Amino acid sequence: MEAFSAPEQLWAGSLVFVRVASIVMLLPGLGEQAIPPRIRLSFALLLSMAMTPVVAGSLPGIPATVGGMGAWVLREAIVGLLIGSIIRTMMAALSVAGEIVSLQTTLSFAQTANPLQAQPGSTIASFLGLVGVTLVFATGLHQMFIGAIVQSYELFAPARRLLVEDAGALAVQTMGRAFAVGVQLSAPVMVFALVFNVATGLVGRVMPQFQIFFAATPLNVLLGLSVFALSLGTVGLVWLTQYSDLVAIFARGA
């Protein structure tokens, strides 16, 4: 703690903590609602203490007024929330894929408690969310999060003007990309559902007296989940590739 005994050092550590805490509170896995806020803030504090000597050269000095200090704290909080939100946006691709698969397999009414978000959601979407977080930690992608936080002081240096336009454009592009990736991940089940519905429609037209609904519903669920299970490996690989490319934008400054 001797490294933070001087007012200038304490001010630098506080600024780093504001940005790091804002990012950590939104990161996948680390920033889930199931993790107590004290745990997240404690991790952010430890990470801030380790990062402060590395990025101290790019931080401003102590402002002369309280208003100036508040402005710097607000700026760092906005930067942290912006980066954390963009990094987390790609997780929405798994939610979109899960909701589409649930609709196509007539399981959208099956709601369960999402252990990550501490709120109800479709069972398949909650399952894909858990798969995504597991892949992040199993492949070591979470280590790139720390690189992204450090590199953010190059992309959003306190001495430079805040690139609101570029960050907003990236956020919009990431949201559109997440939706497109979610549709792509659910494509196998969507193709199956299209073929299956056409086939059941033809059977219903050829044999009007046959109760096709009672026979088709369980087959739709069974075959749809089978197709989803067979494509789960490819779904995880495609999503992980897209997500690592997004994190690399911040981690490498690309």
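The values are calculated or read from the model by the stated rules, or taken from the named source; none is laboratory data. Note that the coordinates shown come from a computational prediction; the quantities given were computed from them, not determined experimentally. As a convention, Cβ positions derive from the backbone with ideal geometry for all residues, glycine included, and neighbour counts pool all protein chains shown.
Kindly evaluate Gln33 against the criterion of being in contact with a strand residue (DSSP E or B) (Cβ under 9 Å, 6 or more places away or on another chain), farther than 18 Å from Ile146 by Cα and not β-branched (Val, Ile, Thr).
Here the answer is yes, as Gln33 does meet what is asked.
Going through the stretch 172-184 one residue at a time, which ones are within 30 Å of Val16 (Cα to Cα) and loosely packed, with under 15 Cβ neighbours inside 10 Å?
Val172, Gln173
For a quick check of your reading: which helices (runs of 4 or more DSSP H) sit entirely within the stretch 42-159 and have at least 2 residues that are crowded, with 21+ Cβ neighbours inside 10 Å, at pLDDT 85 or above and aromatic (Phe, Trp, Tyr)?
Result: empty, no element qualifies.
Scanning for something more than 30 Å from Met51 (Cα to Cα) and free of Cβ contacts under 8 Å to residues at least 24 places away in the same chain, does the stretch 237-251 turn up at least one residue?
The answer is yes, given that some residue of the stretch 237-251 is more than 30 Å from Met51 (Cα to Cα) and free of Cβ contacts under 8 Å to residues at least 24 places away in the same chain.
Go through (1) among the hydrophobic types (A, V, I, L, M, F, W, C); (2) surrounded by fewer than 15 Cβ atoms within 10 Å (Cβ to Cβ); (3) assigned to a helix (DSSP H, G or I); (4) touching a residue at least 40 places away in the same chain (Cβ under 8 Å) one by one and return the number of the condition Val189 breaks.
Going through the list (1) among the hydrophobic types (A, V, I, L, M, F, W, C); (2) surrounded by fewer than 15 Cβ atoms within 10 Å (Cβ to Cβ); (3) assigned to a helix (DSSP H, G or I); (4) touching a residue at least 40 places away in the same chain (Cβ under 8 Å), Val189 breaks only (2).
Here are some conditions: (1) charged (D, E, K, R); (2) under 20 Å from the mean Cα position of the chain (by Cα); (3) modelled with pLDDT of 85 or more. Arg38 meets all but one. Which one does it not meet?
Result: Arg38 passes all but (2).
Inspect the stretch 154-163 for any residue being among the basic types (Lys, Arg) and closer than 30 Å to Val54 by Cα and give the result as yes or no.
yes
What tally of residues in the stretch 201-233 results from selecting those that are among the aromatic types (Phe, Trp, Tyr) and more than 18 Å from Leu103 (Cβ to Cβ)?
2
Of all residues being touching a Ser or Thr at 6+ places or on another chain (Cβ under 9 Å) and of a type outside the set (A, V, I, L, M, F, W, C) in the stretch 51-84, which is nearest to Leu128 (Cα to Cα)? Just the residue, please.
Out of the qualifying residues, it is Gly84.
Among the residues of the stretch 211-254, write down those that are in contact with a Ser or Thr (Cβ under 6 Å, 6 or more places away or on another chain) and either within 16 Å of Ala178 (Cα to Cα) or of a type in the set (Val, Ile, Thr) (or both).
Residues satisfying the conditions are Ile212, Val221.
Of everything in the stretch 6-41, what is assigned to a helix (DSSP H, G or I), in contact (Cβ under 8 Å) with a residue 60 or more places away in the chain and surrounded by fewer than 16 Cβ atoms within 10 Å (Cβ to Cβ)? Give them in sequence order.
none
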